[in-house]
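Peer 1: Input: one structure, supplied below.
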Amino acid sequence: MTWKFKQIYSAVSKRSNLELLRNSKHGLERETLRVNRRASLSQKPHPKELGSSLTHPHITTDFSEAQLELVTPTFNTEKKASDFLRQIHCFLGKNLPNEFLWPMSMPCHLPSEKKIPIGYFGNSDTGKQKELYRIGLAHRYGRKMQTVSGTHYNFSFSNDFWEMLQKEFAPDSDFQDFKTKAYFKIIRNFLRYSWINTYLFGASPAIDRSYCKKSRRDLKRKGLSTCYGPYATSLRMSKIGYYSKVQSQNAISFNSLEEYLSDLEYCITTKSSKYEGLPGLNENILQIENEHYSRIRPKQVLEDEERPLEALRNRGVEYLEVRALDLNPYCEIGINCSQLRFLHAFLLYCLLKPSPKLSSKEQKEITSNQNLVAMQGRKPGLKIKLRGRSVILKNAGKKLLKEIREMSELLDKAHSTSRYTSSLDYQLEKIADVKKTTSARVLKDLIDNRESHASFGFRLAKEHKELLKEQKTTKRTIQSFEIAARKSLKDQE
């Protein structure tokens, strides 16, 4: 299954085919820490008013008992997904009277490791398994690192869209096999080019000193409690943050579904001497599939008691989970529609652009670029490597966005709007002026307002809570979440 950019662009841009882009699916997941009025990590259990963290479809917990994970259903527009996430936040605002949602990806001031509460899911077998998995994570990577939070964007093209492409480029192929191979093309290109997302949307250039055990030479001190990278975009996606987790793991191939499944299967069935004797689900390289951290994952909807790998093996890839997004601290729900529209165009670009298999050499280049942009993305004249060639990030960014513009224009035509190109134009401004990046804005606010990472984050958390209180929500909407909370408690029983 191969195509040239002009060929597939021509096919997608036909008027009759453009409409198929309108049926893409969008879903969101947001992780966030609950903090008390002292801006410290909450020590309270998951509030009963929110329902059961084990069985609620939209409000659960991630690693820590104090770390909420908010999940939307899928919708056919970015705005509908965003609106549902906002409704969840409004419900939380009414049911967390003495707590606030931490707006940053890097955590608030943290207590000692032992005082970071691990998620509790009740006494059922499933609940205990979830808790034991998190105990394993705590021993393998540390509790502090697990409190790092982000936003996940779940995306899929419609089956009608895939059927059109299959008919055009691989009429004799199996439909699900065609779709799966195409999704893996997207994944490989996403990994190649997502340094641009780290530059544009990175929003974690600073951390609270409680996060790091020791002082770091690559960070500067600000006051007694804050460290920052002068040119950093996303410490979360750097070797300091959660991304360090994947670099210590076995390499997983994204060159085909078969290689991906084989590599992951090896990791979840092979013992590791590093974890011998440690508590957890097992002593294997990975306890379960979800322990493998990647900036993007192939996903399939689970049926009954299926494992993720079984679902992929049985039915191929159904959607993609983009995990490379910092929380936007200036948005009360952690992400805005402009970001989502750019990402939609970016994923379309990743599909249309040729996507050769990744060699081990290119994998290393991708990892190096990711670390470099995360730690020094705003450094004047910074160079990254693309296919072995050293290029200035600013020039590479301009070229990339110019190519993505064609995708934004296609989506504008499909949706009869100008919002996709408007989003792209705004991203171009960040390339032209580094001061307009979210990470630069965060640092400027910290310095201009003479705030610590903790005080800055808590100020925004309070502002967000007030904004959400002012949001108009119908009585019916609130009641639907109350009913879901009560139902989830019964389901857990």
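The values are calculated or read from the model by the stated rules, or taken from the named source; none is laboratory data. Not measured: the values here are computed from a predicted model. Every residue, glycine as well, gets a Cβ built from its backbone with ideal geometry; the counts of neighbours run over all protein chains shown. In case anyone asks, the SASA skips ligands and DNA or RNA and just uses the protein heavy atoms, side chains included. Shrake-Rupley method; radii C 1.70, N 1.55, O 1.52, S 1.80 Å.
Peer 1: Which value results when the Cα radius of gyration for segment 306-351 is divided by 2.2 N^0.38 Å?
Peer 2: On the way: Rg = 14.5 Å, N = 46, 2.2 N^0.38 = 9.4 Å.
Here the answer is 1.54, to two decimals.
Peer 1: Still on this structure: Expressed in nm to one decimal, what extension gain is obtained for the pair residue 478 and residue 167 from 0.36 nm per residue of sequence separation less their Cα-Cα distance?
Peer 2: On the way: separation 311, 0.36 × 311 = 111.96 nm, distance 4.53 nm.
Once the chain is fully extended between residue 478 and residue 167, it gains 107.4 nm.
Peer 1: Same structure, new question: From the helices alone, meaning DSSP H stretches of at least four residues, give me the mean residue ellipticity at 222 nm for the chain, per-run term -39500 (n - 2.57), in deg cm²/dmol to the nearest 500. Let's see the in-between values first.
Peer 2: Numbers: 18 runs with 230 residues, N = 493.
Result for the chain, helices only: -14500 deg cm²/dmol.
Peer 1: Need the full-extension length gain, residue 273 to residue 214, defined as separation in residues times 0.36 nm minus the C-alpha distance. One decimal, nm. All intermediate terms of the calculation are to be shown ahead of the outcome.
Peer 2: Details: separation 59, 0.36 × 59 = 21.24 nm, distance 2.65 nm.
Full extension of this stretch gives 18.6 nm more.
Peer 1: How large is ³J(HN,Hα) for each residue in segment 135-150, as worked out from phi by the Karplus curve 6.51 cos²θ - 1.76 cosθ + 1.60 (θ = phi - 60°), to whole Hz, x for Gly and Pro?
Peer 2: 4, x, 4, 4, 6, 7, 10, x, 5, 4, 5, 6, 7, 4, 10, x
Peer 1: If you don't mind, another one. Give me the lysines in straight-line cross-link reach of residue 364: C-alpha distance below 16 Å, same-chain residues under 8 apart excluded.
Peer 2: 239, 245, 383, 385
Peer 1: Using the Karplus equation 6.51 cos²θ - 1.76 cosθ + 1.60 (θ = phi - 60°), what ³J(HN,Hα) coupling, rounded to whole Hz, does each residue of segment 461-478 give in order, writing x for Gly and Pro?
Peer 2: 4, 5, 4, 5, 4, 5, 4, 5, 5, 7, 5, 7, 10, 6, 4, 5, 5, 4
Peer 1: Using a probe radius of 1.4 Å on heavy atoms only, what accessible surface per residue do you get for the chain? Whole Å² is fine. Let's see the in-between values first.
Peer 2: On the way: 21730 Å² over 493 residues.
In whole numbers, the chain has 44 Å² accessible per residue.
Peer 1: Per residue of segment 71-78, in order, report the coupling 6.51 cos²θ - 1.76 cosθ + 1.60 (Karplus, θ = phi - 60°) as ³J(HN,Hα) in whole Hz, putting x for Gly and Pro.
Peer 2: Calculated HN-Hα couplings, in order: 10, 9, x, 8, 9, 8, 9, 5 Hz.
Peer 1: Can you pull the Rg over Rh of segment 297-439, Cα-only, Kirkwood? Let's see the in-between values first.
Peer 2: Working: Rg = 17.5 Å, Rh = 17.5 Å.
In segment 297-439, Rg relative to Rh is 1.00.
Peer 1: Excluding same-chain residues fewer than 8 positions from residue 353, which aspartates and glutamates have a Cα within less than 18 Å of its Cα?
Peer 2: List returned: 168, 362, 403, 406, 409.
Peer 1: So, one more: What are the GluC sites (Glu not before Pro) within segment 255-291 that DSSP puts in a loop, where the Cβ has at most 10 other Cβ atoms within 10 Å? Could you put the intermediate results ahead of the total?
Peer 2: Details: sites: 258, 259, 265, 276, 283, 289, 291; in loops: 276, 283.
Of the GluC sites (Glu not before Pro), the ones in loops of segment 255-291 whose Cβ has at most 10 other Cβ atoms within 10 Å are 276.
Peer 1: Let me ask something else about it. Treating the Cα atoms of segment 125-284 as identical point scatterers in vacuum, please give the log10 of the normalised Debye intensity I(q)/I(0) at q = 0.09, 0.16 Å⁻¹, two decimals.
Peer 2: -0.47, -1.14
Peer 1: If the chain between residue 309 and residue 337 were fully stretched, how many nm would it gain, using 0.36 nm times the residue separation less the Cα-Cα distance?
Peer 2: Working: separation 28, 0.36 × 28 = 10.08 nm, distance 3.14 nm.
Extra length available between residue 309 and residue 337 comes to 6.9 nm.
Peer 1: Mind grabbing the base-10 log of I(q)/I(0) for segment 103-188 at q = 0.25 Å⁻¹? Debye formula, identical points on the C-alpha positions, no solvent, two decimal places.
Peer 2: At q = 0.25 Å⁻¹ the computed log10 ratios are -1.20.
Peer 1: For a Förster distance of 30 Å, can you work out the FRET efficiency between the beta-carbons of residue 225 and residue 435, rounded to the nearest 0.05?
Peer 2: Numbers: r = 25 Å, r/R0 = 0.84.
Using R0 = 30 Å, I get an efficiency of 0.75.
Peer 1: Using heavy-atom solvent-accessible surface (probe 1.4 Å) with all chains present, what is the largest-first order of 448, 433, 326? Don't skip to the end; give the middle numbers.
Peer 2: Numbers: 448 90, 433 55, 326 5 Å².
Sorted descending by solvent-accessible area, the residues read 448, 433, 326.
Peer 1: Which entries of 435/462; 94/490; 274/490 have Cα-Cα distances beyond 29 Å here?
Peer 2: Values: 435/462 25 Å; 94/490 22 Å; 274/490 40 Å.
Over 29 Å apart, Cα to Cα: 274/490.
Peer 1: Quick one: divide the alpha-carbon radius of gyration of the chain by 2.2 N^0.38 Å and tell me what you get. Before the final figure, lay out each step's value.
Peer 2: Numbers: Rg = 22.0 Å, N = 493, 2.2 N^0.38 = 23.2 Å.
Relative to the rule-of-thumb radius for its length, the chain sits at 0.95.
Peer 1: Okay, next question. Amide H of residue 222 versus every other amide H placed in the peptide plane: which residues, excluding those fewer than 5 positions away on the same chain, fall under 5 Å?
Peer 2: Answer set, sorted by chain and number: 227, 228.
Peer 1: Of the cross-linked pairs 214/394; 222/430; 6/399, which ones have a Cα-Cα span greater than 21 Å in the structure shown? Numbers along the way, then the final one.
Peer 2: Working: 214/394 33 Å; 222/430 25 Å; 6/399 17 Å.
Listed pairs above 21 Å: 214/394; 222/430.
Peer 1: Under the rule of at least 5 residues apart or a separate chain, name every residue whose amide H is placed under 5 Å from the amide H of residue 335.
Peer 2: Hits under the 5 Å cutoff: 328.
Peer 1: Shifting gears a bit: Collect residues whose amide H, placed 1.01 Å from N in the peptide plane, falls under 5 Å from the amide H of residue 204; neighbours closer than 5 in sequence don't count.
Peer 2: Result for residue 204 returns 234, 235, 236.
Peer 1: Return the inverse of the average 1/r over all pairs of distinct C-alpha atoms in segment 254-351, which is the Kirkwood hydrodynamic radius, in Å to one decimal. Show your work: numbers first, answer last.
Peer 2: On the way: mean 1/r = 0.0629 Å⁻¹.
Result for segment 254-351, one decimal place: 15.9 Å.
Peer 1: Right, something else. As an exercise, use a Förster radius of 30 Å and the Cβ-Cβ distance of residue 394 and residue 301 to find the FRET efficiency, rounded to the nearest 0.05. Show your work: numbers first, answer last.
Peer 2: Values: r = 41 Å, r/R0 = 1.35.
Approximately 0.15, to the nearest 0.05.
Peer 1: With each label point set 7 Å from Cα along the Cα-Cβ vector, what nm distance links residue 419 and residue 114?
Peer 2: 5.1
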